[in-house]
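Novice: First, the structure itself, so that you have it in front of you.
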Amino acid sequence: MIVMKFGGTSVEDASAIDRAACIVRERVPEKPIVVVSALAKVTDQLLAMARAAGAGDREKALQLSRALRERHYTVAGELLGTGVFTQFHSELGAEFDGLDELLRGLAAVRELTPRTSDNVASFGERISSKIVTAAFSARDIPARLVDSRECILTDSNHTHAIPIFDETNDRTVARLKPLVDAKRVPVMGGFIAADAQGSTTTLGRGGSDFTAAIVGAALGAERIEIWTDVDGMMTTDPNLCAGARRIKVISFDEAAELAYFGAKVLHPATLVPAIDKNIPVQVLNSRNPKNEGTRITARAPSCTNTFKAIAAKKRITVVDVVSARMLMAHGFLKSIFDVFDRHRCPVDVVSTSEVSVSLTVDSNEAIPAIAADLDKLAAVKYEGRKAIVCLVGENIRGTPGIAAKVFTAISDINVRMISQGASEINITFVVEEDDVPEAVRRLHQTFFSELDPNVFA
């Protein structure tokens, strides 16, 4: 049994869904379970209409909904033909009628809660999974629609819900295994789940990858396939460096570091359930299905290159906390991190001295409030428009002189923070956003001018 996840660009229109059907049909003997994202950009549009309705602008919200309705009608009509679509039209219409009713209610009360935001955002996957199931069935694939909310149970932390794995695993096996055993192809919407009260929750942006890994781990899948619009994981972002090359095989640890620090092919949490069950993950291109992509395994083969890839994460803010009270003080660091915890703001990179702490966070609207709380503890300043550059590779371990080689390559670029040691497989530093392209190009030239053919394409 395998799990196949198709991202937004792999189901963005009728042609993309038709390609996905061809890919799935070839794998029917392997007993696939299919997880689909919303059509490309749909989640952004749903959240935009939710915000408009929450602000009282009912007409704008309903206008956005009408445009989305027509797009889905068009895609379904092109996929299904007139006869089948006529029967399917009312089912789609009922979904959008429900969305419009929700938007009217939001506009009336002028309040958008995280719970309601999840409800609106869930429509993308709820509708795309219905269209994909109908399209597969019309192409002689024995597809069966499964509501992910029947399988994945989470806490009630809306917009970033955390799965309750024991119950989720039991529900997933009970719901999906009979279908797989009967040689049916379950089709599920990614990203969405439900809490113990039955309220719709979401797993955070990019959560469809996480859904695929949760399902794969619960059922002991042979592998998890992530179908996207690129040929796999690359040595760096091709938009930053034209010489970027495909990575054939990479370890779980390396891929997780890259995913967290800006490699957009994977959602950072995707790999956790797969790592726990040692299930390989394959990143593949739905527009180029013959390409072998990138295979992510527990242990990658040895590599002659020091690093596997360079990732960059922009829109970072550096926060500096300085106080003489830190010197020999007990509990001061805890007090600082308690502030970030209260604001649910994750910290990426940390550097400390005897009287100061510097750390990085994703730039967001909560930073002024965080700074105000920190100001009660110490002197605080923060600077935006920074970026994290991260070089990842298991060969860093025990190799002398690597850091010197890295910083010699960018010797005239101002480095704001450096972190090495928290992870044995990465070197991370912070620079100005505008310096990222030049830094990445130089580092790529330094460390990837010659490539191990067993690891890189």
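The values are calculated or read from the model by the stated rules, or taken from the named source; none is laboratory data. Because the structure is predicted, anything quoted here is derived from the model rather than measured. A quick note on method: Cβ atoms are made from the backbone with ideal geometry, for glycine too, and the neighbour counts reach across all protein chains shown.
Novice: Name every residue in region 98-117 that is over 29 Å from the mean Cα position of the chain (by Cα) and not aliphatic (A, V, I, L, M), in order of residue number.
Specialist: Answer for region 98-117, where residues must be over 29 Å from the mean Cα position of the chain (by Cα) and not aliphatic (A, V, I, L, M): Glu101, Arg104, Gly105, Arg110.
Novice: Could you tell me whether Thr154 is over 28 Å from Ile17 (Cα atoms), of a type in the set (Val, Ile, Thr) and under 27 Å from the mean Cα position of the chain (by Cα)?
Specialist: Yes: the conditions hold for Thr154.
Novice: Scan region 196-244 for residues that are basic (Lys, Arg) and modelled with pLDDT of 95 or more and jot them down.
Specialist: Scanning region 196-244 gives a single hit, Arg223.
Novice: Same structure again: Before we move on, is Ala55 crowded, with 19+ Cβ neighbours inside 10 Å, in the same structural domain as Ala221 (by TED's automatic domain parsing), touching a residue at least 24 places away in the same chain (Cβ under 8 Å) and out of contact with any Cys (no Cβ under 9 Å at 6 or more places or on another chain)?
Specialist: no
Novice: If you scan region 423-435, which residues turn out to be in a loop (DSSP other than H, G, I, E, B), within 29 Å of Tyr382 (Cβ to Cβ) and without any contact (Cβ under 8 Å) to a residue 60 or more places away in the chain?
Specialist: If the condition is that a residue be in a loop (DSSP other than H, G, I, E, B), within 29 Å of Tyr382 (Cβ to Cβ) and without any contact (Cβ under 8 Å) to a residue 60 or more places away in the chain, then no residue fits.
Novice: Then there is this: Check off (1) in contact with a strand residue (DSSP E or B) (Cβ under 8 Å, 6 or more places away or on another chain); (2) under 15 Å from Phe307 (Cβ atoms) for Asn395 and give me the number that stays unchecked.
Specialist: So Asn395 meets the others, but not (1).
Novice: Next question. Restricting region 272-292 to residues that are farther than 17 Å from Val215 by Cβ and more than 18 Å from the chain's Cα centre (by Cα), which is surrounded by the fewest Cβ atoms within 10 Å (Cβ to Cβ)?
Specialist: Residue satisfying both the conditions and the ranking: Lys290.
Novice: Among the candidates Arg139, Arg115, Arg149, which residue alone is charged (D, E, K, R), touching a helix residue (DSSP H, G or I) at 6+ places or on another chain (Cβ under 7 Å) and in contact (Cβ under 8 Å) with a residue 12 or more places away in the chain?
Specialist: Only one candidate qualifies: Arg139.
Novice: Also, quick follow-up: Could you please find all residues in region 58-93 being among the basic types (Lys, Arg), surrounded by 17 or more Cβ atoms within 10 Å (Cβ to Cβ) and free of Cβ contacts under 8 Å to residues at least 24 places away in the same chain?
Specialist: Of everything in region 58-93, just one residue is among the basic types (Lys, Arg), surrounded by 17 or more Cβ atoms within 10 Å (Cβ to Cβ) and free of Cβ contacts under 8 Å to residues at least 24 places away in the same chain, namely Lys60.
Residues are listed down the side, and each one gets a yes or a no for (1) at pLDDT 95 or above; (2) in contact with a Gly (Cβ under 7 Å, 6 or more places away or on another chain); (3) farther than 17 Å from Arg27 by Cα:
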{"position": "Ile131", "(1), (2), (3)": "yes, no, yes"}
{"position": "Arg144", "(1), (2), (3)": "yes, no, no"}
{"position": "Ile152", "(1), (2), (3)": "yes, no, yes"}
{"position": "Phe165", "(1), (2), (3)": "yes, no, yes"}
{"position": "Arg184", "(1), (2), (3)": "yes, no, no"}
{"position": "Gly190", "(1), (2), (3)": "yes, yes, yes"}
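Novice: Is one or more of the residues making up region 308-315 among the hydrophobic types (A, V, I, L, M, F, W, C), over 30 Å from Asp209 (Cα atoms), buried (at least 20 other Cβ atoms within 10 Å of the Cβ) and in contact with a strand residue (DSSP E or B) (Cβ under 6 Å, 6 or more places away or on another chain)?
Specialist: Within region 308-315, none of the residues are among the hydrophobic types (A, V, I, L, M, F, W, C), over 30 Å from Asp209 (Cα atoms), buried (at least 20 other Cβ atoms within 10 Å of the Cβ) and in contact with a strand residue (DSSP E or B) (Cβ under 6 Å, 6 or more places away or on another chain).
Novice: Could I ask something else about it? Restricting attention to region 436-455, does a residue exist that is farther than 19 Å from Thr235 by Cβ and either of a type outside the set (Ser, Thr, Tyr) or not in a helix (DSSP H, G or I) (or both)?
Specialist: no
Novice: Run down Ala371, Ala378 and say which single residue is over 18 Å from Val436 (Cα atoms), surrounded by 18 or more Cβ atoms within 10 Å (Cβ to Cβ) and in the same structural domain as Asp434 (by TED's automatic domain parsing).
Specialist: Ala378
Novice: Could you list, ordered by first residue, the pairs with Cβ atoms under 6 Å in which the first is in region 366-391 and among the charged types (D, E, K, R) and the second is surrounded by 17 or more Cβ atoms within 10 Å (Cβ to Cβ) and not in a strand (DSSP E or B), at least 6 apart or interchain?
Specialist: These pairs meet every condition: Asp373/Val339.
Novice: How many residues are in contact with a Ser or Thr (Cβ under 7 Å, 6 or more places away or on another chain) and part of a strand (DSSP E or B) if we restrict to region 390-411?
Specialist: Counting residues in region 390-411 that are in contact with a Ser or Thr (Cβ under 7 Å, 6 or more places away or on another chain) and part of a strand (DSSP E or B) gives 1.
Novice: A further question on this structure: Considering only region 271-376, give the helices (runs of 4 or more DSSP H) lying wholly within it that have at least 2 residues that are within 30 Å of Ser15 (Cβ to Cβ), in contact with a Ser or Thr (Cβ under 7 Å, 6 or more places away or on another chain) and modelled with pLDDT of 95 or more.
Specialist: It comes to none.
Novice: Within region 397-426, take every residue that is within 25 Å of Ile296 (Cα to Cα) and either over 27 Å from the mean Cα position of the chain (by Cα) or at pLDDT 85 or above (or both) and give me the one that is surrounded by the fewest Cβ atoms within 10 Å (Cβ to Cβ).
Specialist: Within region 397-426, the match that is surrounded by the fewest Cβ atoms within 10 Å (Cβ to Cβ) is Gly398.
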